[in-house]
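Before any comments, here is the structure.
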């Protein structure tokens, strides 16, 4: 929980409202709750492996992870565009084929706390989780500043941030798929990249490519 709260704080995910700001809120202001739920798979794995849950837990110890999630289902979906481009299987196969032809290494990575690093939003009022983060009262209200996990347009907001960042490094979006990007320098293909929400799959070579991938 502390690690997740630190991520919210690092990327400015929310800001606590003052008493004056709360008093100024309109009467119809919608306040969304938050929830956190651990992911446990021992029971599921025990059925597939034919072993008891205790055996699974002993052989494959779980590293627990907490995620603060906004209950986006409570939001009014009107005027919220929820889609985010994701690469097709054809695009994935194309990246693999290009990597083989040019003898490039392929890289697969996951963007850490991607949504909190996206363009951000300012429309949500949130109740604090239980228990609340250190220094936050359980009666405080928070205003979302980042595209927090659970919001309907978090995935799209992340893709928009990624799109702008890749353009900054000279990548351009493919005319075939919005989730596929090409790095072309002096008419030479130097890199290809596809995205699936916050998962990236790419291959390439050269200094510009290396600077982007790192």
Residue 20 versus residue 51, label points 7 Å from Cα toward the beta carbon: distance in nm? 6.0
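For each of 180, 173, count neighbouring Cβ atoms within 10 Å of the residue's Cβ, then give the residues from fewest to most.
Working: 180 22, 173 15.
By the 10 Å Cβ count, ascending, the order reads 173, 180.
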Provide the gained length on full extension for the span residue 2 to residue 88, in nm with one decimal, where the gain is 0.36 nm per separating residue minus the Cα-Cα distance. 27.3 nm
Sorted by Cβ density within 10 Å, fewest first, the residues 172, 156: 172, 156
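If R0 is 30 Å, what FRET efficiency do you get for residue 100 and residue 168 from their C-beta distance, rounded to 0.05?
Values: r = 29 Å, r/R0 = 0.96.
The pair residue 100/residue 168 has a calculated efficiency of 0.55.
To make sure I understand, if each residue's beta carbon is the centre and we count other beta carbons within 10 Å, what order do 174, 107 fall in, fewest to most? Walk me through the numbers before you get to the answer.
Details: 174 17, 107 13.
Ascending Cβ contact count within 10 Å gives the list 107, 174.
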Quickly work out the residue 139-to-residue 80 label distance, labels modelled 7 Å from Cα along the C-beta direction, and quote it in nm with one decimal. 2.8
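Contour minus end-to-end for residue 73 and residue 208, with contour as 0.36 nm per residue of separation and end-to-end as the Cα-Cα distance? Can you show the working numbers first?
Working: separation 135, 0.36 × 135 = 48.60 nm, distance 4.13 nm.
Residue separation times 0.36 nm, minus the Cα-Cα distance, leaves 44.5 nm.
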For the range 146-214, take every pair of Cα atoms, bin their distances at 5 Å starting from 0, and report each bin as a whole percent. 3, 16, 28, 23, 14, 9, 4, 2, 0
Note on the range 171-214: contact order normalised by length, alpha-carbon pairs under 8 Å, 6 or more apart, percent, works out to 25
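Read-outs throughout are calculated quantities, based only on the coordinates presented, and are distinct from any laboratory measurement. Quick caveat, the model's predicted, so the values are computed rather than measured. Virtual Cβ from ideal backbone geometry, glycine too; neighbours counted across all protein chains shown.
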